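Here the structure comes first, spelled out in structure tokens, and everything after it is commentary.
Since every read-out is calculated from the coordinates, none of them should be taken as a lab result. On a predicted model such as this, the values are computed, not experimentally measured, just so you know. With ideal geometry, Cβ positions are generated from the backbone for all residues, glycine too; neighbour counts draw on all protein chains shown.
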Amino acid sequence: MFSNPLKRSFLCLTAEPGTVCAGLPTKKPRAAAVPPTPQQAIQPPKSAFLSLPGELRNEIYNHALVQPAPISLPYAYETRSTTRSTSSNNALASAPTTVTYSGEPPILRTSRLIRFEATPIYYGCNIFSAPSPASAHKFLKPLSAAKMSMLRFFRPVELALELHGSSQVRQRWEESVKRTINRLVKDVGKGSLRWDILQVGVKGRGERIKWVGLREVGFGVKSEGEGWSLVGPQEEDAMKGVAAT
């Protein structure tokens, strides 16, 4: 029996994927994939977040990083901070701190650009509160000079001044504050810890703690080379008297 060779070739085509009985392909053949150039291979895909306007990114950073209450640093012997109970007898009992510190937020490790944009907001817009001098030392020691210069509100001393207390009580408090701060400046200040960001607590009878700057309670600052040291109110008055003469 005579067989048509053209028909045989069509029948062979029907065994191939993507063909019909007539032997015609239903899909166009795919073009060969073009390998990426070296520059394309090393360029990461652009983040949708980084495509947002800078103002919108700043709003997101503020929402994610700025806390409504002071950030409570851990004690020196703790690996992370725990919320302090308002029933404790320490001076901060009347000003509960509910935000705890466990290191820098993960968002700061997302990318180099996000870290560059968000780090000043985290350190510059939050209040960091240490429960003890050792805690303040532990927090400041690993900070770079650049990060330390970003701080705007730092409370290195927990003990508040009782405004209705005796002059002897006030003098002991002043000496304690001066000793603590000068030690921090010397040991971990890195020439970048500024006196105007430091806050101390004062408390009237039956009142909650109010946090004020060092100048507001009579402290003065004495320049020492590239750094500074805190002087007590009496020393500050003496320095003013010498300057006046």
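A compact table of results
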{"item": "The stretch 195-222 and the stretch 109-178: distance between their alpha carbon centers, rounded to Å", "result": "13 Å"}
{"item": "Calculated on alpha-carbon atoms, Rg and Dmax of the stretch 48-217 in Å", "result": "17.3, 61"}
{"item": "Selected from GLN67, SER192, TYR123, residue furthest toward positive end of dipole (the stretch 48-217; charges at beta carbon)", "result": "SER192"}
{"item": "Amide H contacts of TYR101 (H built 1.01 Å from N, under 5 Å, at least 5 apart or other chain)", "result": "SER72, SER81"}
{"item": "Sites PHE49 and CYS125 - FRET efficiency at Förster radius 22 Å, r taken between beta-carbons, to 0.05", "result": "0.65"}
{"item": "Among SER144, PRO53, SER111 - extreme Cα towards positive end, dipole of the stretch 48-217, charges at beta-carbon", "result": "SER144"}
{"item": "Debye, to nearest 20: dipole size of the stretch 48-217, +1 on Lys, Arg Cβ, -1 on Asp, Glu Cβ", "result": "380 debye"}
{"item": "Long-range amide H partners of LEU163 with built H, under 5 Å", "result": "LYS203, GLY204"}
{"item": "Estimated FRET transfer efficiency when R0 is 41 angstrom, pair GLU207-GLU117 (beta carbons, to 0.05)", "result": "0.55"}
